[in-house]
Structure formats: C-alpha cells, structure tokens
Amino acid sequence: MPVRVIHTADIHLGRRFPSLDSEAEKLRAADVVNVFNELADYVIKNKINILMIAGSLFDKMHPNRETVSTALSAFGRIHEAMPSTRIVLTPGQEELVAEKDGSSDCALSIFDHLSYVKVMGTTEDPEKVVFEFDGQKVMIASSQAAFFFSEAFSRRRIPLPRDAAGIFLMCAYSRRQGLINIEDDLLRERVLDPLRDRGYQYAALGHKNKFQTLTAGDFTAIYPGSLERFNYELDRERKFFVQFEISGGKIQPPTPVRSSARPLEYVSLTFSAGDADIAKSLEDTLRRAKKEKALHIILNGQISLNEFNSFMKGETIKKLREQFAFAHVENRLALVDAGEEYRFDALRVNSPAQEFERYVEREIAAAQDRGDEVRLLKELLEMGVKEIEEGL
C-alpha cells in the first residue's frame, strides 16, 4: 500500500479581521475554522498516513483557549479514526520566539504530550523523525530556515535519508536580519540544492499565501499556500493543500487539492468628482450576487460627500449585503464638494491602525499627569497597532 501524505501551511487559527464590521468578522473567523476542520475530515475520509503543516497553524504566539481547543479537537478526531496517522508540525513566524541564549519558546509546545503529534524545527539544529507504514520508511527532517544561512552551515549537518523517502519540512522565513523573506533564487541555491544533493525528494515549505512549485523532476519544492484568503486585495486566487503518495520509496507527483475557501467577488472602482455614481457602477455586481460569496469593494478617487452618503444609506448597498454572505466596502475616496471645489481631507477614512493610533494618542495627551495610566496606554498603543496590522 502506498503511504498517503498531505502538506499544508498557513492555517492561522485565531485570525482576527478588525477592518470588518462585527458580523463579517465573525463569519471570516468561522471560515478559517471551517476550512481547517474540513481538512481534518479529508484526512480521515482519504486515510492519510501523514499530515504535515509547514508553519502558522496558529495566528499568534499565545492562542486563546477556544483556538487551542479547535486544533486539539481536530487532531483528536484524526487520531481516534486512524490511530497510526502522524501529524508533523513546524512553527511559523508567529509561533516561535528565539532567545539570545539559543533557547526558544514555541506556541506548538502545547502538543508535546500527544504521542501522535511531532513538533520539529524549533531550533537551527536539524532534527529528524522516521515513520514506517507497511514496510515503507519515510524520514521527515526540519530546522529553522536560518540554519542554511548560518556561518556553521555544512551540508553534512543535514540528516541523510538513507533507506527512507526523504522530506524536509520548513517555514521559509528567516529571523536573520535581511532574510526575513527568502527570495526564490536564494532559496534554490542555499536550501533546495543542498537538500537534493543529500537525497531528499520533497521540500514541504510554508510562509507564502500562494500556491507555488519551485522545482520539479526527481525533486519537488512546494508552497501549498494558505487554506483561506486573509488579504482579499493581495490574495484572490483559489486556495489549496497538497496531496501525494510514496510508493516503492519514491515520492509520486504531488496533486493540489482545492480547499473550501469561501468564493470571492472582488471589485475595485475609481471615480472622479462630478461624474461618480457608485450604485450604477455596482449593478452588474448585484446581478452576480450569491449568498455563499464574500464581496470586497474598494472605492478609489474622489466623489462628493453627498454622493458617498447617498450610496452608503441607499438600496444598492443594502441589497448587496442581503444577497452576499457579507459586503465589505473599503473607502479610499477623497470626499469633495464639487460645487466649491473644496476637498474635505478631514473626512478621508484612514486605515484601522491609523484610526486606532490617533484615538489612543488623544487619550495619552489627556492623561499626561497620570504616569501609570500613560504607561499602560503606550503599551496598549504598541500592541494594538501591531495586532491590527497583522490582522489586515
């Protein structure tokens, strides 16, 4: 029997979407959980032997109890249905804090007590695990990406697969300054070529939201992309995870499997003051409405304040919100008075992070004579801006 393997990454359980209204945010957060649970169902239904997650199971270093429960429940269902299945995880950039003394704190350590879950790649030193299914051996090795760029790097330090099919699992994110995102050519030269030379057949990568195959032939390196879309403007493509089989010690050609990410209707409109009619521009979009779709509208350029208010209070936006799962309007307009040719720059809508920063800074200014309160507000400002920006 062949060994069945799934490779996925960038699930981001616990993700928040603060730029959306409360109902839309709840739906988007639920979508992230749903695609993860459906992945677990797929593992069970298709009798998968190994599930690999190449970073970012969680969206934060310290996931809340509900998020941890979601992961434990899904992994528990897999183990109950198929006790021999193994789950292998490596941390993403949000899940690992490396200390100066070489130690690390990993969000995935909550799984250390589970015999069927293996967490790897928490240090620069490569480690390996060997599984055997019906006489076929599979070796999975892992390390932080920084290992391949350290002064002490040597190809001989990469574990040798020997009589097993070799897979290297890695979040392609480096904490070394200047290598936070590793370009493809550099990744091929410094990571993939050494792995191929050491006898590996597959590199299971994470840290990109888009599906991408870097090399093919007798060696394959794949970013499976995220299971769900997190930034509608930058990532509007279909979403996948990767499935492949190992037969006779050889990894067979991988197949992308489409995830159940919610369908998206993305609309970007640009207007000039005096001839703008937002509602009319969205008539075709309204005709394509489907309740399972999410609608993301970006408004650019400039229109009159009255026209914008009329649209936001009108029937068209009301119908869009009724006929789509949700309709989010991202306003980048400059609102003008067409008659007076006067720009109301104060009415421009800033990003959520900018609005939050402006609000907290006003609170800090009002609390200057209360030292402890100012300190707490400054900490809130720093943490809040970071969380909002990561959630966009």
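The values are calculated or read from the model by the stated rules, or taken from the named source; none is laboratory data. Remember, predicted model here, so these are calculated numbers, not experimental data. In this analysis, Cβ positions are derived from the backbone assuming ideal geometry, glycine residues included, and neighbour counts consider all displayed protein chains.
Of all residues assigned to segment 129-143, at least one qualifies as being touching a Phe, Trp or Tyr at 6+ places or on another chain (Cβ under 8 Å), surrounded by 14 or more Cβ atoms within 10 Å (Cβ to Cβ), in the same structural domain as residue 249 (by TED's automatic domain parsing) and more than 20 Å from residue 222 (Cβ to Cβ).
Looking at 268, 259, can you tell me which residue is surrounded by 15 or more Cβ atoms within 10 Å (Cβ to Cβ), in contact with an Asp or Glu (Cβ under 9 Å, 6 or more places away or on another chain) and not hydrophobic (A, V, I, L, M, F, W, C)?
Among 268, 259, only 259 is surrounded by 15 or more Cβ atoms within 10 Å (Cβ to Cβ), in contact with an Asp or Glu (Cβ under 9 Å, 6 or more places away or on another chain) and not hydrophobic (A, V, I, L, M, F, W, C).
Among the residues of segment 110-130, those identified as aliphatic (A, V, I, L, M), under 22 Å from the mean Cα position of the chain (by Cα) and either in a helix (DSSP H, G or I) or within 22 Å of residue 65 (Cα to Cα) (or both) are 110, 117, 119. Among residues belonging to segment 15-37 that are crowded, with 16+ Cβ neighbours inside 10 Å and charged (D, E, K, R), point out the one that is nearest to the chain's Cα centre (by Cα). Only one residue fits best here, namely 15. Among the residues making up segment 156-200, those that are more than 28 Å from residue 245 (Cβ to Cβ) and modelled with pLDDT of 90 or more are 156, 157, 189, 190. Sort out which residues of segment 131-146 are part of a strand (DSSP E or B) and polar (S, T, N, Q), and write them in order of number. Those that are part of a strand (DSSP E or B) and polar (S, T, N, Q): 136, 142. In segment 343-374, the qualifying residues are those that are acidic (Asp, Glu) and under 30 Å from residue 272 (Cβ atoms), and the one that is modelled with the highest pLDDT is 355.
The set of residues in segment 234-277 being farther than 20 Å from residue 9 by Cα and modelled with pLDDT under 90 consists of 271, 272, 273, 274, 275, 276, 277.
Considering segment 308-332, the residues that are in a loop (DSSP other than H, G, I, E, B) and small (Gly, Ala, Ser) include one that is surrounded by the fewest Cβ atoms within 10 Å (Cβ to Cβ), namely 314. Elements of the type strands (runs of 3 or more DSSP E) sitting completely within segment 181-269 and holding at least 2 residues that are in contact (Cβ under 8 Å) with a residue 60 or more places away in the chain and assigned by TED's automatic domain parsing to the domain that holds residue 159: these cover 202-206, 220-223, 240-247.
Residues considered: 335, 377, 299, 381. Of these, the only one that is modelled with pLDDT of 85 or more, surrounded by 16 or more Cβ atoms within 10 Å (Cβ to Cβ) and of a type in the set (A, V, I, L, M) is 299. Restricting segment 13-46 to residues that are touching a residue at least 60 places away in the same chain (Cβ under 8 Å) and outside any helix (DSSP H, G or I), the residue that is nearest to residue 81 (Cα to Cα) is 46.
Taking the listed residues 340, 292, the one that is assigned to a loop (DSSP other than H, G, I, E, B), modelled with pLDDT of 80 or more and surrounded by fewer than 12 Cβ atoms within 10 Å (Cβ to Cβ) is 292, with no other qualifying.
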